[in-house]
Amino acid sequence: MDVLVCVKRVPMVGGRIALQGDRRRLDTSLLGFTVSPHEECAVEEGVRLSEAAGGSVTVLTLGPPEAVEQLRTAISVGAHHALLLETDRDDFGPLATTRAITRAIEGLEAERQSPFDLLLFGNEAADTADYQVGVRVAHALGRPVATGIKHLEVGGGSARARRTYRGTEELFILALPAVVTVKEGINLPRYPSLPGRMRAKKTVVATLRPTYEAEGLEMRSLAVPTTERRSAEVLGHGVEAVPPLVELLVKLGVIE
Amino acid sequence: MSTVVCYVETENGAVLDASLRALTFARGLAAEATEVSALIAGPPGADVTAQLQSFGVTSICVLSAGGLTGYAPLALAKALAAMASRSEAAAVVAAATDHGNEVLAHLGALTGLELAANCTKAHLVEGERRFRLVRQRWGGSLIEEAVLSAATGLFSVAADSVQPVPSPAAGSLAVSEIAPQLDALDLALQALESPEESPGISLASAKVVVSGGRGVGGPEGFAVIEELAALLGGAVGVSRVVTSLGWRPHREQVGQTGTRVAPDLYLACGISGAVQHLAGCQSSKHMVAVNTDPSAPIMSRADYAVIGSVAEVLPALVDAIRARRSSC
Ligand SMILES: Cc1cc2nc3c(=O)[nH]c(=O)nc-3n(C[C@H](O)[C@H](O)[C@H](O)COP(=O)(O)OP(=O)(O)OC[C@H]3O[C@@H](n4cnc5c(N)ncnc54)[C@H](O)[C@@H]3O)c2cc1C
Ligand SMILES: Nc1ncnc2c1ncn2[C@@H]1O[C@H](COP(=O)(O)O)[C@@H](O)[C@H]1O
């Protein structure tokens, strides 16, 4: 069971998003970086599948040289191989990203002389939320795909992928090799182990330089929405705030 | 005259509210008169037809494909592709639901067309094959202005930010069937449906949500959160830290990668107010924060605050509500 997982490096935004002066980029000078929770779960799912059935997990990212950090984190929780598609550009859109990832996978599969049984993606990237790279890669490679999956079983040459939509459970049965995009909640990712961290340090990360192709969707500017910044009316400190809080609940019609 | 094709979702014999908003968005795409064609998955009842007509739809195509029993994203995408090419559509639109985004991603992949997801506004630049658009990133915590150059633009519509407005000029309506050419691979992707077990008060539609974060201190701390939620007829919500630590299940998580809620009252207990958490609760009518830190980011989003420890304030609040009820 060989799995490939795609992850994307994004800033770990906390209480407030700050933009650079050009209003086209986030000010990340004080921020750490991570991947989407959906993608953390995709890595965990891949590792669990390889633990249950044998096989390997390869993680792939398209991003700056520093994105090697996100690949090493994946290795520290159980992935085996890593490939960085290194670029200094931050304007790869969904089509250019799809092309770069598709070519890289074709290259890896030619080398191994067999397709990965499963390609895992996040349902959507944390930052751009384009909701499409996994589906586009599946089409480019001619493989079946299911999105937003919260429960996955693989065996007997097929994947049974489930999710719930508006109260109805949906089951997709995909012949392998297949593509699945997952959502947080499919599993509870583990934390890195000490041996995992050691392995991550030593693992050689393969690097390729993808070619950029311009596309039709062009970002012009970013803005933080103007939700009025208010200051909360302080009802009180500690238990002394309970009577005014009860009054408020009555006023809001929550209690009688 | 330009044509826009819209994928419309229905449930229990009515059009989804999100799809009505997508139709409103579709009508507003061009300055000139816009003809809106709708694709729906099964035969429309009288109510669906009437709703679509009042939202300015002039033709309905019903997906008909032998062997399909459930939602089939690829079959829907193929039908949209056929409708769009037949009418030389300026755009194809769907609500940014899990289904809408998925169908449009397939359509984009089939046709090579670009898809702008989670749009709140879009407008065709007159005389050009170019759209100006506004869309959400980071679950709505960031707004992007962009330009999309495409023969046919694909848009999913962030439904919360578009009001559903019936068309003032609702006209006649034609209904036809569309049967896209399917192959075995498409049918393999068809969904089987089965009812879910009943989950109690659903978090997504609860009128009151009592949410706990890291400040609750541990899994035991949620007993009082549950008690309070039950007293207020509400649901329990949590932050991601709480699910990552395994204190509570992910289905209770509120936020960008959890559930979006829009209750009358959101009570945030021991939650700092990270943008990804707020992405899931910023449509709440009233927000109250209980936090030991008066400078936590949640304080600039909440309407009311109690500065204090969850462990002290919540048990006292539960007692006070109980006392009030027994004295009435
Ligand atoms: C891509 C991405 C997606 C994410 N998606 C989500 C999501 O969907 N939902 C989500 O919630 N998060 C999400 N996060 C995580 C988010 O960034 C925060 O890490 C998380 O919301 C913080 O949870 P918290 O407020 O419980 O914890 P903390 O940030 O640690 O805050 C704890 C708060 O409790 C207060 N406190 C401490 N002790 C007490 C006490 N005794 N009484 C009262 N108050 C106390 C503290 O003052 C502090 O404000 C996401 C992150 C990323 C990068
Ligand atoms: N730059 C990238 N590098 C690796 N994987 C990516 C990249 N961008 C997107 N993906 C993958 O595609 C998924 C969907 O992304 P998107 O369509 O951009 O929302 C993400 O969750 C990732 O798994």
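On the basis of being part of a loop (DSSP other than H, G, I, E, B), touching a Gly at 6+ places or on another chain (Cβ under 7 Å) and modelled with pLDDT under 95, does B:Gln181 make the cut? So that I can check it myself, show each step before the final result.
Details: part of a loop (DSSP other than H, G, I, E, B): yes; touching a Gly at 6+ places or on another chain (Cβ under 7 Å): no; modelled with pLDDT under 95: yes.
Here the answer is no, as B:Gln181 does not meet what is asked.
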Hey, among the residues in the stretch B:306-328 that are within 8 Å of ligand 1 (Cβ to nearest atom) and among the hydrophobic types (A, V, I, L, M, F, W, C), which one's nearest to A:Ile17 (Cα to Cα)? B:Val310
When B:Glu227 is run through (1) within 21 Å of A:Glu247 (Cβ to Cβ); (2) surrounded by fewer than 24 Cβ atoms within 10 Å (Cβ to Cβ); (3) under 24 Å from the mean Cα position of the chain (by Cα); (4) not aliphatic (A, V, I, L, M), the failure sits at (3)
Filter the stretch B:246-263 for residues that are within 9 Å of chain A (Cβ to nearest Cβ), in a loop (DSSP other than H, G, I, E, B) and more than 6 Å from ligand 1 (Cβ to nearest atom) and give the result. B:Gly246, B:Pro249
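Give the stretch B:299-314 a look and list any residue that's touching a helix residue (DSSP H, G or I) at 6+ places or on another chain (Cβ under 8 Å) and modelled with pLDDT of 95 or more, or say none. Lay out the reasoning, then the answer.
Of the stretch B:299-314, the ones touching a helix residue (DSSP H, G or I) at 6+ places or on another chain (Cβ under 8 Å) are B:301, B:304-314.
Correct list: B:Tyr304, B:Ala305, B:Val306, B:Ile307, B:Gly308, B:Ser309, B:Val310, B:Ala311, B:Glu312, B:Val313, B:Leu314.
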Kindly provide the set of residues from the stretch A:196-210 that are open to solvent by less than 90 Å² (accessible area, probe 1.4 Å) and in a loop (DSSP other than H, G, I, E, B), ordered by number. A:Thr203, A:Val205, A:Pro210
When the stretch A:215-248 is examined, which residues are found to be assigned to a loop (DSSP other than H, G, I, E, B), more than 19 Å from B:Lys285 (Cβ to Cβ) and in contact with a helix residue (DSSP H, G or I) (Cβ under 7 Å, 6 or more places away or on another chain)? A:Glu215
Is it true that some residue in the stretch A:116-131 is more than 9 Å from chain B (Cβ to nearest Cβ), of a type in the set (S, T, N, Q) and either open to solvent by 10 Å² or more (accessible area, probe 1.4 Å) or closer than 30 Å to B:Leu16 by Cα (or both)? no
Could you tell me how many of the residues in the stretch A:132-183 are touching a helix residue (DSSP H, G or I) at 6+ places or on another chain (Cβ under 7 Å), open to solvent by 10 Å² or more (accessible area, probe 1.4 Å), more than 10 Å from chain B (Cβ to nearest Cβ) and in a strand (DSSP E or B)? 2
If you scan the stretch A:1-15, which residues turn out to be touching a residue at least 24 places away in the same chain (Cβ under 8 Å) and either within 30 Å of B:Arg301 (Cα to Cα) or of a type in the set (Ser, Thr, Tyr) (or both)? A:Lys8, A:Arg9, A:Val10, A:Pro11
Checked pairs for the stretch A:231-251, first within 7 Å of chain B (Cβ to nearest Cβ), second among the β-branched types (Val, Ile, Thr) and part of a strand (DSSP E or B), C-beta under 6 Å and 6 or more apart or across chains, list as A:Leu235/B:Val306; A:His237/B:Ile307; A:Ala241/B:Val306
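How do the helices (runs of 4 or more DSSP H) wholly within the stretch B:1-99 filter down when requiring 2 or more residues that are farther than 21 Å from B:Val134 by Cβ: which remain? If you could, list the steps in order and put the result at the bottom.
Numbers: elements: B:17-27, B:46-54, B:73-86.
In the stretch B:1-99, B:46-54, B:73-86 are the helices (runs of 4 or more DSSP H) which contain 2 or more residues that are farther than 21 Å from B:Val134 by Cβ.
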Please state which one of B:Leu142, B:Leu107 is more than 19 Å from B:Glu9 (Cβ to Cβ) and within 11 Å of chain A (Cβ to nearest Cβ). B:Leu142
I'm checking my understanding of the structure. Among residues of the stretch A:27-55 that are of a type outside the set (Gly, Ala, Ser), open to solvent by 30 Å² or more (accessible area, probe 1.4 Å) and farther than 16 Å from B:Thr257 by Cα, which one is modelled with the lowest pLDDT? A:Leu30
I'm trying to understand the selection: among the residues of the stretch B:287-305, which are of a type in the set (Gly, Ala, Ser), in contact (Cβ under 8 Å) with a residue 24 or more places away in the chain and either assigned to a strand (DSSP E or B) or within 7 Å of ligand 1 (Cβ to nearest atom) (or both)? B:Ala296
Could you pull out the residue among B:Tyr304, B:Tyr266 that is within 19 Å of A:Val254 (Cβ to Cβ), facing chain A (nearest Cβ under 7 Å) and not charged (D, E, K, R)? B:Tyr304
Working only within the stretch A:60-76, note down all residues that are within 16 Å of ligand 1 (Cβ to nearest atom), within 14 Å of A:Glu39 (Cα to Cα) and touching a helix residue (DSSP H, G or I) at 6+ places or on another chain (Cβ under 8 Å). A:Thr61, A:Thr73, A:Ala74
If I filter the stretch A:30-38 for residues that are within 12 Å of chain B (Cβ to nearest Cβ), among the polar types (S, T, N, Q) and either within 16 Å of ligand 1 (Cβ to nearest atom) or assigned to a loop (DSSP other than H, G, I, E, B) (or both), do I get at least one hit? yes
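The values are calculated or read from the model by the stated rules, or taken from the named source; none is laboratory data. Please read all numbers here as calculations on a predicted model, not as lab measurements. Because the Cβ atoms are built from the backbone with ideal geometry, glycine has one as well, and the counts that use them run over all protein chains shown. All accessible areas refer to the heavy atoms of the entire protein, side chains included, with ligands and DNA or RNA removed. Shrake-Rupley method; radii C 1.70, N 1.55, O 1.52, S 1.80 Å.
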